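Following: one structure in structure tokens, then a few remarks.
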Amino acid sequence: MLHLYNTLTRKKDIFSPVETGKVKMYVCGPTVYDYFHIGNARSFINADFIHRYFRYLGLDVKFIMNLTDVDDKIIKKSNEEKVAYSVVAEKYSWAFFEDIGKLKIYPATMYPTATSHMQEIIDMIAELIKKGFAYNNEGNVFYDISKFNGYGKLSGKKIEELEAGSRVEVNEEKKGPLDFALWKKAKEGEPFWESPWGNGRPGWHIECSAMSCKHLGETFDIHAGGSDLIFPHHENEIAQSEAASGKPFANYWLHFGFLNIDSEKMSKSLGNFFTTRDILKKFSAETLRFFYAQTHYASPLNFTADALEAADSGRLKIDNLYFKLEEIVKDEDCDDSLFASNYASFEEAMDDDINTPKAMAVVFDAVRDINRQIAENKASAAYLASAKKFIRRTAGDVLAVLGEAKKEAGLESQLIELLIQLRLEAKKEKNYALSDKIRDRLKEIGVILEDSKDKTSYKLN
Ligand code: AMP
Ligand code: ZN
């Protein structure tokens, strides 16, 4: 039974969706003003592990990720580049789609944008004003957090403490220091939309409330994002959505740990980042995914190039086996019961709050066992076909760490076979110095030759 750590309840809860067999999940997506970095990528990939696992479980998933396509950072960039804000947003939206495609991220059901949901946003703000949760101050509309009883329930923050320690700049237009903007009055040279409160544009928090409601309903299952979003973004979303609908908003709140670099959060503003595009020039998407899968989604993870190198070679063990299986499995007739305990262990790990490191370990245990069965010539055709399917379903379909290195892996095994052949010829010519050298050098690089009566096989260490 799937358990998820819920930031709202501060414990692992049994996952019980609103509608049996269906999952409705909303993940806060990028602000499209630049190429995204591998810290953002970690959050997107962690969301993808969850999305893919739901699909593996056969659930009917509606997965929504928004794009913030108008905001201060986009406007700043458009001013710097002397182009319309929409030119910036469009360019980086395409870059985002290109990059998540390269990262093997399973496409969301929909990627709604703020600018295409102005009516829904305006309607929700109007509802909040009508119900007394928001006020219009000469074209700027604010949410009055003192009117919402549950404010602070997600982050565990107390209003009084927040107010006391608040560095929120003094803003004469607001009633309380923590009140936040729902609608921002148009400024000279900024994009704007018409509204009952005059020309302006929406605040960031309201767009997620309006879009999640439109596409998933007032109450839905999972809301997720990086842990920097717990406060104020998600806290504010709850305040807006629950005040507007009078119903619970998302039932499960999942938050992803940061990718750090030298113990600091990787971020655009600190300048300590690598773009996903740059990393993908050196490492495969599968390697980056594998690196992330080795740490639980909620834990912090430190980025180093060495760790990524290590992930690269670790992952190859799975590829090598899979492509060996691709070559030797002729008959696809599987008997999944042969791998029942492997599937059960994999699911047990993923059911435990999407524990991908444990799930990876289950895959590696299977890889070791399958390699041994092959080396010992004990594997039946059904076993091999089922082994291939197990690796594909877990490392491939759910974790998506299985490479497309078919040719390379195929080439690698061909080269090993070639060396085995040359060693045999050296032996025949009684050139034992050379045949031993081939065996020893292969061993040094992790290829163990095993001689039996009539053939030499190999296994990878
Ligand atoms: P942004 O484009 O800044 O709104 O970020 C998009 C997503 O990436 C959000 O869910 C952020 O919480 C997440 N994010 C930003 N930086 C990091 C990081 N260093 N590690 C993990 N997730 C991050
Ligand atoms: Zn959001």
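A short reminder: the numbers here are calculations on the coordinates, not readings from a lab. Bear in mind the structure is a predicted one, so any value in this text is a computation, not a measurement. Every residue, glycine among them, receives a Cβ derived from its backbone with ideal geometry; neighbour counts consider all protein chains shown.
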**Fill in**
Checked against the positive end of the charge dipole of the range 3-265 (+1 on Cβ of Lys and Arg, -1 on Cβ of Asp and Glu, about the Cα centre), the farthest of 57, 253, 143 is 57
**Fill in**
The extension gain from residue 86 to residue 119, computed as 0.36 nm times the residue separation minus the Cα-Cα distance, is 10.1 nm
**For residue 61, distant residues with modelled amide H under 5 Å away** = 23
**Message:** Can you compute the charge dipole magnitude of the range 3-265 about its Cα centre, using +1 on each Lys and Arg Cβ and -1 on each Asp and Glu Cβ, nothing else charged? Give it in debye, rounded to the nearest 20.
**Reply:** 740 debye
**Prompt:** Going by how many other Cβ atoms sit within 10 Å of their own, how do 283, 364 line up, fewest first?
**Reply:** 364, 283
**Request:** Determine, for each peptide in 13-21, 370-378, the mean count of other beta carbons within 10 angstrom over its residues, then list the peptides with the highest first.
**Result:** 370-378, 13-21
**Asked** Per-residue ellipticity at 222 nm for the chain, helices alone: DSSP H runs ≥ 4 residues times -39500 (n - 2.57), over residue total, nearest 500 deg cm²/dmol?
**Response** -14500 deg cm²/dmol
**Complete:** Restricted to the chain, the DSSP antiparallel beta bridge percent, nearest 5, is 50 percent
**For peptides 107-113, 326-332, 428-434, sequence by mean Cβ density within 10 Å, most packed first** = 107-113, 326-332, 428-434
**Fill in**
For the range 111-239, shape from the Cα gyration tensor axes a ≥ b ≥ c, cut at a/c of 1.5 then a/b versus b/c, turns out oblate
**Request:** Give me the distance in nm between label points sitting 7 Å out from Cα along the Cα-to-Cβ direction at residue 282 and residue 160, one decimal.
**Result:** 5.2 nm
**Prompt:** Which residues in the range 432-461 have a backbone N closer than 13 Å to a point placed 7 Å from the Cα of residue 422 along the Cα-to-Cβ line?
**Reply:** 434-442
**Message:** Taking loop as defined by DSSP and a crowding limit of 10 other beta carbons within 10 Å, which GluC sites (Glu not before Pro) in the range 106-214 fit?
**Reply:** 138, 169, 172, 188
**Request:** Using the Cα centre as the reference, give the magnitude of the dipole from point charges on the C-beta atoms of the range 228-320 (Lys, Arg: +1; Asp, Glu: -1; all else neutral), rounded to the nearest 20 debye.
**Result:** 240 debye
**Prompt:** Fewest first, what order do 337, 93, 263, 212 take by the number of other Cβ atoms within 10 Å?
**Reply:** 263, 337, 93, 212
**Request:** Work out the charge dipole of the range 3-265 with +1 on the Cβ of Lys and Arg and -1 on the Cβ of Asp and Glu about the Cα centre, then indicate which of 8, 23, 129 is farthest towards its positive end.
**Result:** 23
**Asked** Between rounded, prolate and oblate, where does the chain land on the alpha carbon gyration tensor, with a ≥ b ≥ c its root eigenvalues, rounded for a/c under 1.5, else prolate if a/b exceeds b/c?
**Response** prolate
**Complete:** Bridge orientation stat for the range 3-265 from DSSP, antiparallel percent rounded to 5, came to 50 percent
**Complete:** Honestly the range 202-339 on the Cα gyration tensor test (a ≥ b ≥ c root eigenvalues; a/c under 1.5 rounded, otherwise a/b vs b/c for prolate or oblate) is just oblate
**Request:** Mean Kyte-Doolittle of at least -1.0 plus a Cα span of 27 Å or more along the axis: flag which DSSP H helices in the chain meet both, please.
**Result:** 305-328, 356-375, 406-428
**Prompt:** Given H placed 1.01 Å from N in the peptide plane, which residues other than close sequence neighbours of residue 13 have an amide H under 5 Å from its amide H?
**Reply:** 4, 5, 6
